[in-house]
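In what follows, a structure is listed as structure tokens, so that the remarks can point back to it.
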Amino acid sequence: MTLKSSPLSFTVNGKPVGPIDVPDDMMLLDVLHEYLGLTGSRMACGQGICHACAVILDGPGGPREIRSCITGAHFFANKSIRTVEGHAERDAQGNVVRLSPVQQAFIEHFSFQCGYCTPGFVTAATVLVERLKTAPVARRDLEAAIDKAMGQHICRCTGYVRYFEAVRDLVLATPGLVKG
Ligand code: FES
Ligand code: FES
């Protein structure tokens with residue numbers, strides 16, 4: 001059997017990728033893992049339920065979370081995404097020199113245990129923080145906004161409270177994200 005494939009070009013973590021020949025029905029998560037060596041986005045349910053595979057899609061409407069296990073790779077043609085590997089600052093050799101504010105907050109709050117779900121939570125929280133920079137939330141609505149951003153993510157170690165507290169504290173400590 002021969003799988004039909006087509007060339008795919010897109011931007012991953014700020015760098016152009018492709019054109020690479022990708023099967024027409026391959027999901028983005030498999031391309032990240034098998035073609036690009038980016039294994040930080042997790043395969044868990046594989047059915048769009050747990051959000052462990054989430055990546056950021058950057059577009060005209062701002063950043064948004066998208067599940068890479070149920071979204072075909074070719075949907076991302078000529079688009080720009082960020083995986084968890086793209087969040088920290090790196091030096092010229094690719095070594096991490098500084099974690100993102102969300103990553104740092106999760107560490108300081110001991111938010112994760114096994115860490116399998118963490119890339120998805122980092123993705124969701126980062127989208128929330130970036131969106132709040134352009135559309136700050138009223139203080140009374142902050143908890144609901146965090147719940148909306150992260151409430152569909154599943155953590156099998158049940159670390160929800162510390163993820164929640166980390167994001168709440170980060171948002172409250174970052175000027176301009178909360179109004180009123
Ligand atoms: S692995 Fe994609 S939603 Fe669970
Ligand atoms: S920390 Fe283990 S699944 Fe969330």
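Throughout, read-outs are computed from the coordinates displayed, never taken from laboratory work. In this text the structure is predicted, and so the values were computed from the model without any measurement. Note that each Cβ is placed from the backbone with ideal geometry, even for glycine, and that neighbours are counted across all protein chains shown.
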Checklist entry - Given the conditions (1) in contact (Cβ under 8 Å) with a residue 40 or more places away in the chain; (2) surrounded by 13 or more Cβ atoms within 10 Å (Cβ to Cβ); (3) more than 28 Å from Val17 (Cα to Cα), which single one is not true for Gly180? => result (2)
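Of the residues Val55, Val31, only one is part of a helix (DSSP H, G or I), farther than 17 Å from Arg156 by Cβ and among the hydrophobic types (A, V, I, L, M, F, W, C); which?
It is Val31.
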Checklist outcome for this item: All-but-one check, Ser100 against (1) more than 21 Å from Met43 (Cβ to Cβ); (2) surrounded by 16 or more Cβ atoms within 10 Å (Cβ to Cβ); (3) of a type outside the set (A, V, I, L, M); (4) in contact with a strand residue (DSSP E or B) (Cβ under 7 Å, 6 or more places away or on another chain), failing number (4)
Checklist entry - What helices (runs of 4 or more DSSP H), lying completely within segment 86-168, carry at least 1 residues that are among the β-branched types (Val, Ile, Thr) and within 16 Å of ligand 1 (Cβ to nearest atom)? => result 118-134
Next on the checklist: Pairs please, first residue from segment 45-71 and free of Cβ contacts under 8 Å to residues at least 60 places away in the same chain, second anywhere and charged (D, E, K, R) and within 6 Å of ligand 1 (Cβ to nearest atom), Cβ atoms under 6 Å, 6+ apart in sequence or on different chains.
Outcome noted: Gly48/Arg67
Checklist outcome for this item: Residue hits (segment 101-140; of a type in the set (Asp, Glu) and without any contact (Cβ under 8 Å) to a residue 12 or more places away in the chain) are none
Checklist entry - Could you say whether any residue in segment 112-124 is β-branched (Val, Ile, Thr) and more than 17 Å from Cys53 (Cα to Cα)? => result no
